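Student: Mind having a look at this structure? Questions to follow.
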Amino acid sequence: MSAVKSASGFSKKLKDSRGSRDRSTTGIEEAGQFRFKRESTLFALLLLFSGTAALIYQVLWIRQLSLVVGIEVYSITIAVSAFFAGLAAGGAVIGRRADGVQQPLRLYCLLEAGVALTGVAVTILLAHTAGLFVAIEMHAGFLAWLLPFLLVGAPAFLMGGTLPAAMRWQAGERSQIAKAGGWVYAANTAGGVAGALLSSFALLPWLGVRGTALAAALLNLAAAGLALLLSRGDVSDFAEIEITGKLEPDLAATTSRHMALVLYALAGVIALGYEVVWSQSMAQFLSTRVFAFSVTLATYLAGLVVGSAIYARFSHKIRDAWGVFGLLISAAGAVALLEITFLSLWQLRIQLEAGKLAFAATGSEWMRMCAQFLIAALGVVFVPTMLLGAAFPAALRLAAGPRRVGRDVGAVLALNTFGGIAGTLLTGFLLVPALGLVRTLSMLAIAAATVGVLAVLLGASVSRKMQWAVVVVGVVAVAGAVLTPSDRLARLLLTTRGGGELLFYQEGRGATVAVAQQRTNDNVFRRLYIQGVSNSGDAMPSMRYMRLQAMLPLIIHRGEPKSALVIGFGTGITAGGVLHYPGLQRRVCVELIPAVVRAGELFPENYKAGSDPRMQVRIGDGRQELLRSKDRYDLITLEPPPPSAEGVVNLYSTDFYRLASARLETNGLFAQWLPIATQNDEDTRSLVRSFLDVFPYATLWTTELHEMLLIGSYAPIELDPGEIAGRFNQSGVSTSLQAVGVSSPAALLATWVTGRDGLERYAANASPVTDDRPRIEYAAWVRPKEIIHTLPSLLALRTDPPLTDGDDALRGEIAGERRELLDFYIAGIAAYNGDRETWTQAMQRVLAADGKNPYYLWILGARK
């Protein structure tokens, strides 16, 4: 049978499977042309719904998997690989089945309905799986990973079959497969863009985790309904393919098809490697808020959409398929590297200007920041992903044939996805730790150039012009790899973060950690950066609140504290406070990132907590530590990043507090850092509400102008002045606290703000932060100078500390210390408001009362 007859028979089979109708053929169109009819809108909508739902599930399950396996980079990468492995397996297995189905849209309908049912079920099950996962892992080791693989892999398997089924419905001969595949991929990925934005900007903040899963399921069901409508012939056929003339040979050249599959699988390795590098290297231009990553992900997907659509639009004009494929892959690598090579402050200036324009147009701080994120993402991510998006239909043209559309499309997707899994593991766990980000990106660019050269060498009839183009791009990639300095990003970090001297810089698995020595007028200090974002330092204000974070709850403890757990090492100053407190027999600190502990050696004020044998430093996720270990503690204190940072909400929810409370000894205390300048006042109220919903006894203390401390317990918190004075005056304790401006037991007690009654008035009817409603992570962008609203609201709750006894002299001393502290806070608020007169008057009163206080003097020096 000739190629023309074969293609005509396939076209007739497609028509029969969609319901026969009488038609009069008015003409024969040019070979390879794909004609959209009025059903195109419905089909595009179907693909859009499906892609939106898929990305929503992905966002949800990554969030939930972090609660099941922890957010340690190895764990979460393996867990997320379960999702992509399911997609790959589904594409391969269901793609083969799709070729034998007479009505592929019926199959598509069943798949979407299955995703809806299993998607909601998995979301509900994952919320109750963490304890089971830990229990299985403790008894059966690696077998525990079957649990997330089976849970997340099942609906992902069904998702993986949807694209081959959609392609099976409409693609004909090879040029048509490229065009149809390009449009299908573009429409489906455009849904992914919508899903990435909707999940973070609307659904999760409004509906929570379970509600968002239900919304995604409704989109699946809508897609299933549209597929059923189209398959039943209720409307006219979506497309028909009419072919004439001599066609390219079908994939009789099996070797050629296999080469294309292998090269596209290698492209998957490289593409996901780019994503790993980008996620760390762009930190200097973004923030840790989830919105930044959502905008970046949406930009990444938008690049794939545009590239795929452009190739689909011009696929009929492309004659040199192998050459174009090779050029796309190699050019993506070269551009990705050169964008980092030429990354400079000019991009930051453009970001700032775009943010100003957005703010001027909308008056929204949130829109200002999103505009800045978008410009950053466009400058680094968009162009390479556009080239990679075009590579998908190009690969389909080389590897897929009309007789087995489902099988071939499924194979292309499966191998590329498995390559992506390998690329993530290889880049994140081997290349970046060994070579650093810039050298890893250089390696990936050279690998991409190699794939491009192989494509033009192995492909048939590649033009000499295209061969030279690929060679030139490869030379550019190699030159960029040689000429780009390996410390390119390290230099950029200091220029975008206030300058200074870089003392430590390590690009490790999952995060970049740096320590810089900086200056503010007369004050010299060191600052810790994780992913380009400041995570505190050893400036006096930071030292003060971190010392109190450890020592204050130990000093007021009702009993004799013998054990303490610190979640989060950071600069190590909180852990050092625990280390410096005598009487403790067991001290444990859990830190997620090993490089943070190594960087801690540069902060002498932590008393070498990272290397002292009295401190057990455990590398891992703090929440997982509480799940895995049955150890109980007299004190659990936290030093996490701000609650609005991505993923950190796991340590601020009522679910976490319940877990932690189960690890407290009788009379045990739980101390939660409460920053008041990193979120809006209403969000601070939600954080307090979460705490109150777990701990029946709750107190609030002010540890610094910008920070407060919540201390909770299941037993009454009693303040015994004699016991407190005795503990304060212990060797090492008084010295450590006096160094940060807490000069006496009275000064320590003066930091008391209120008990449960005052906190209840403050939190009022605020909604708590929970695992299902992680509202703080999706809260509105913090308003400028929000502290001038939050701090006075909290100080208005002040009551006298409830001492069990004490003479009038002590109470008078406490009152005097409280007046000084209040005057200092009045000065701070005046500084934010630009009220120099009030600032001067308040600071004069403070210095007249305590002119040698190192904390007050440090702030005064910073404002010279």
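The values are calculated or read from the model by the stated rules, or taken from the named source; none is laboratory data. Since the structure is predicted, the reported quantities are computational estimates derived from the model, not experimental observations. Cβ: placed from backbone, ideal geometry, glycine included. Neighbour counts: every protein chain shown. Note: areas computed on protein heavy atoms with side chains; ligands, DNA, RNA excluded. Shrake-Rupley method; radii C 1.70, N 1.55, O 1.52, S 1.80 Å.
Student: For segment 493-610, which fully contained strands (runs of 3 or more DSSP E) count at least 1 residues that are open to solvent by 20 Å² or more (accessible area, probe 1.4 Å) and small (Gly, Ala, Ser)? Don't jump to the end; show me each part of the working.
Tutor: Numbers: elements: 501-507, 512-520, 523-530, 533-537, 563-567, 586-591.
Output list reads 533-537.
Conditions (1) closer than 27 Å to Ala645 by Cα; (2) out of contact with any Gly (no Cβ under 7 Å at 6 or more places or on another chain); (3) not β-branched (Val, Ile, Thr), marked per residue:
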site	(1), (2), (3)
Thr678	yes, yes, no
Ser690	yes, yes, yes
Pro716	no, yes, yes
Leu737	no, yes, yes
Leu748	no, yes, yes
Thr770	yes, yes, no
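Student: Do you know which of the residues in segment 116-146 that are of a type in the set (A, V, I, L, M) and surrounded by 20 or more Cβ atoms within 10 Å (Cβ to Cβ) is farthest from Val80 (Cα to Cα)? Write out each step before concluding.
Tutor: Quick first cut of segment 116-146, residues of a type in the set (A, V, I, L, M) only: 116-117, 120-122, 124-127, 130, 132, 134-136, 138, 140, 143-144, 146.
Imposing the further condition that a residue be surrounded by 20 or more Cβ atoms within 10 Å (Cβ to Cβ) reduces the set to 116, 122, 126, 130.
On the way: Ala116: 19, Val122: 14, Leu126: 13, Ala130: 15 Å.
In this case the residue turns out to be Ala116.
Student: Write out, first by first residue and then by second, each pair whose Cβ atoms fall under 7 Å of each other, whose residues are 6+ apart or on separate chains, and whose first residue, in segment 192-208, is more than 20 Å from Val305 (Cβ to Cβ) while the second is of a type in the set (A, V, I, L, M) and open to solvent by less than 30 Å² (accessible area, probe 1.4 Å).
Tutor: If the second residue must be of a type in the set (A, V, I, L, M) and open to solvent by less than 30 Å² (accessible area, probe 1.4 Å), the pairs left are Leu203/Ile56; Leu203/Ala215; Leu207/Ala215.
Student: All but one of (1) within 26 Å of Gly401 (Cβ to Cβ); (2) of a type outside the set (A, V, I, L, M, F, W, C); (3) open to solvent by 30 Å² or more (accessible area, probe 1.4 Å); (4) part of a helix (DSSP H, G or I) hold for Tyr108, so report the exception by its number.
Tutor: Every listed condition holds for Tyr108 apart from (3).
Student: Looking only at segment 822-864, how many residues end up being open to solvent by less than 30 Å² (accessible area, probe 1.4 Å) and either of a type in the set (S, T, N, Q) or in contact with a His (Cβ under 9 Å, 6 or more places away or on another chain) (or both)?
Tutor: Residues flagged as open to solvent by less than 30 Å² (accessible area, probe 1.4 Å) and either of a type in the set (S, T, N, Q) or in contact with a His (Cβ under 9 Å, 6 or more places away or on another chain) (or both) within segment 822-864 amount to 2.
Student: A follow-up question, please. Going by the conditions given, is Ala271 buried (at least 19 other Cβ atoms within 10 Å of the Cβ) and either out of contact with any Pro (no Cβ under 8 Å at 6 or more places or on another chain) or free of Cβ contacts under 8 Å to residues at least 40 places away in the same chain (or both)?
Tutor: Taking the combined requirement at face value, the residue satisfies it.
Student: Name the residues in segment 201-216 that are surrounded by fewer than 24 Cβ atoms within 10 Å (Cβ to Cβ), among the small types (Gly, Ala, Ser) and either at negative phi or in contact with a strand residue (DSSP E or B) (Cβ under 6 Å, 6 or more places away or on another chain) (or both), would you?
Tutor: Of everything in segment 201-216, those that are surrounded by fewer than 24 Cβ atoms within 10 Å (Cβ to Cβ), among the small types (Gly, Ala, Ser) and either at negative phi or in contact with a strand residue (DSSP E or B) (Cβ under 6 Å, 6 or more places away or on another chain) (or both) turn out to be Ala202, Gly211, Ala215.
Student: Please enumerate the residues belonging to segment 409-423 that are open to solvent by 10 Å² or more (accessible area, probe 1.4 Å), under 20 Å from Ala190 (Cα atoms) and aliphatic (A, V, I, L, M).
Tutor: Listed by number, the list holds a single entry, Leu413.
Residue-wise test of (1) more than 20 Å from Val80 (Cα to Cα); (2) in a helix (DSSP H, G or I); (3) at pLDDT 90 or above; (4) not charged (D, E, K, R).
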{"residue": "Gly268", "(1), (2), (3), (4)": "no, yes, yes, yes"}
{"residue": "Ser281", "(1), (2), (3), (4)": "yes, yes, no, yes"}
{"residue": "Ser308", "(1), (2), (3), (4)": "yes, yes, yes, yes"}
{"residue": "Ile329", "(1), (2), (3), (4)": "yes, yes, yes, yes"}
{"residue": "Ala336", "(1), (2), (3), (4)": "yes, yes, yes, yes"}
{"residue": "Gln351", "(1), (2), (3), (4)": "yes, yes, no, yes"}
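One line per residue, one yes/no per condition, for (1) part of a helix (DSSP H, G or I); (2) open to solvent by 30 Å² or more (accessible area, probe 1.4 Å); (3) among the aliphatic types (A, V, I, L, M):
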residue: Arg407; (1), (2), (3): yes, yes, no
residue: Leu425; (1), (2), (3): yes, yes, yes
residue: Thr440; (1), (2), (3): yes, no, no
residue: Val451; (1), (2), (3): yes, no, yes
residue: Leu454; (1), (2), (3): yes, yes, yes
residue: Gly480; (1), (2), (3): yes, no, no
residue: Arg491; (1), (2), (3): yes, yes, no
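Student: When you go through (1) more than 23 Å from Arg497 (Cβ to Cβ); (2) in contact (Cβ under 8 Å) with a residue 40 or more places away in the chain one by one for Leu374, which number turns out not to apply?
Tutor: Unmet for Leu374, out of (1) more than 23 Å from Arg497 (Cβ to Cβ); (2) in contact (Cβ under 8 Å) with a residue 40 or more places away in the chain: (1).
Student: Touching a residue at least 12 places away in the same chain (Cβ under 8 Å), assigned to a strand (DSSP E or B) and surrounded by 20 or more Cβ atoms within 10 Å (Cβ to Cβ): does that describe Leu626?
Tutor: Numbers: touching a residue at least 12 places away in the same chain (Cβ under 8 Å): yes; assigned to a strand (DSSP E or B): no; surrounded by 20 or more Cβ atoms within 10 Å (Cβ to Cβ): yes.
When the stated conditions are applied, Leu626 does not pass them.
Student: Are any residues in segment 629-651 part of a helix (DSSP H, G or I) and closer than 14 Å to Val566 by Cβ, and if so, which ones? Quick ask: steps written out before the conclusion?
Tutor: Initial filter on segment 629-651 (part of a helix (DSSP H, G or I)): 648-651.
Answer for segment 629-651, where residues must be part of a helix (DSSP H, G or I) and closer than 14 Å to Val566 by Cβ: just Leu651.
Student: What's the number of the only condition in (1) modelled with pLDDT of 95 or more; (2) under 18 Å from Leu709 (Cβ atoms) that Arg558 fails to meet?
Tutor: (1)
Student: Go through (1) polar (S, T, N, Q); (2) surrounded by fewer than 18 Cβ atoms within 10 Å (Cβ to Cβ); (3) touching a Phe, Trp or Tyr at 6+ places or on another chain (Cβ under 7 Å) for Gln738 and report which single condition fails.
Tutor: Tallying (1) polar (S, T, N, Q); (2) surrounded by fewer than 18 Cβ atoms within 10 Å (Cβ to Cβ); (3) touching a Phe, Trp or Tyr at 6+ places or on another chain (Cβ under 7 Å), Gln738 fails exactly one: (3).
Student: Within segment 383-400, identify whether any single residue is basic (Lys, Arg), over 26 Å from the mean Cα position of the chain (by Cα), farther than 30 Å from Tyr74 by Cα and open to solvent by 20 Å² or more (accessible area, probe 1.4 Å), and answer yes or no.
Tutor: Kept after step one, since they are basic (Lys, Arg), are these residues of segment 383-400: 397.
With the extra rule that they be over 26 Å from the mean Cα position of the chain (by Cα), the set shrinks to 397.
If we keep only those that are farther than 30 Å from Tyr74 by Cα as well, we get 397.
Adding the requirement that they be open to solvent by 20 Å² or more (accessible area, probe 1.4 Å) leaves none.
Within segment 383-400 (the criterion being basic (Lys, Arg), over 26 Å from the mean Cα position of the chain (by Cα), farther than 30 Å from Tyr74 by Cα and open to solvent by 20 Å² or more (accessible area, probe 1.4 Å)), the answer is no, since none of the residues qualifies.
Student: Any residue in segment 781-788 that is closer than 23 Å to Tyr856 by Cα, in a loop (DSSP other than H, G, I, E, B), open to solvent by 60 Å² or more (accessible area, probe 1.4 Å) and charged (D, E, K, R)? Spell out how you get there, then give the answer.
Tutor: Filtering segment 781-788 for residues closer than 23 Å to Tyr856 by Cα gives 785-788.
Narrowing further to those that are in a loop (DSSP other than H, G, I, E, B): 785-786.
Filter again for open to solvent by 60 Å² or more (accessible area, probe 1.4 Å), leaving 785.
Next cut, charged (D, E, K, R) only: 785.
Yes; the residues of segment 781-788 include at least one that is closer than 23 Å to Tyr856 by Cα, in a loop (DSSP other than H, G, I, E, B), open to solvent by 60 Å² or more (accessible area, probe 1.4 Å) and charged (D, E, K, R).
Student: I've got another one for you. Report, by residue number, each residue of segment 789-819 that is surrounded by fewer than 18 Cβ atoms within 10 Å (Cβ to Cβ), touching an Asp or Glu at 6+ places or on another chain (Cβ under 7 Å) and either under 13 Å from Leu687 (Cβ atoms) or among the polar types (S, T, N, Q) (or both).
Tutor: Ser793, Thr804, listed by residue number.
Student: Of all residues in segment 305-345, how many are under 26 Å from the mean Cα position of the chain (by Cα) and open to solvent by 20 Å² or more (accessible area, probe 1.4 Å)?
Tutor: Matching residues across segment 305-345 total 9.
Student: Also: Consider Ala85 against the criteria (1) touching an Asp or Glu at 6+ places or on another chain (Cβ under 6 Å); (2) at pLDDT 70 or above: it satisfies all of them except one. Which criterion is unmet?
Tutor: Of everything listed in (1) touching an Asp or Glu at 6+ places or on another chain (Cβ under 6 Å); (2) at pLDDT 70 or above, Ala85 misses just condition (1).
Student: Assess whether Phe382 counts as being in a helix (DSSP H, G or I) and closer than 30 Å to Leu261 by Cβ. Walk me through how you get there before you give the answer.
Tutor: On the way: in a helix (DSSP H, G or I): yes; closer than 30 Å to Leu261 by Cβ: yes.
In short, yes.
Student: Inspect segment 820-838 for any residue being within 30 Å of Ala764 (Cβ to Cβ) and touching a strand residue (DSSP E or B) at 6+ places or on another chain (Cβ under 9 Å) and give the result as yes or no.
Tutor: yes
Student: Is there a residue in segment 142-161 that is at pLDDT below 90 and of a type outside the set (Asp, Glu)? Talk me through it step by step, then tell me what you get.
Tutor: Going residue by residue through segment 142-161, those that are at pLDDT below 90 are 142.
Retained after the next criterion (residues that are of a type outside the set (Asp, Glu)): 142.
Within segment 142-161, one or more residues are at pLDDT below 90 and of a type outside the set (Asp, Glu).
Student: Moving on. Could you check, for segment 705-727, whether at least one of its residues is within 30 Å of Ala213 (Cα to Cα) and open to solvent by 50 Å² or more (accessible area, probe 1.4 Å)? Give the steps one after another, and end with the answer.
Tutor: First pass over segment 705-727, keeping only residues within 30 Å of Ala213 (Cα to Cα): none.
For segment 705-727, residues within 30 Å of Ala213 (Cα to Cα) and open to solvent by 50 Å² or more (accessible area, probe 1.4 Å): absent.
Student: Let me ask you something else. For segment 406-417, does any single residue satisfy the condition of being more than 18 Å from Ala89 (Cα to Cα), in contact with an Asp or Glu (Cβ under 9 Å, 6 or more places away or on another chain) and touching a residue at least 40 places away in the same chain (Cβ under 8 Å)? Spell out how you get there, then give the answer.
Tutor: Filtering segment 406-417 down to residues more than 18 Å from Ala89 (Cα to Cα) leaves none.
No, every residue in segment 406-417 fails to be more than 18 Å from Ala89 (Cα to Cα), in contact with an Asp or Glu (Cβ under 9 Å, 6 or more places away or on another chain) and touching a residue at least 40 places away in the same chain (Cβ under 8 Å).
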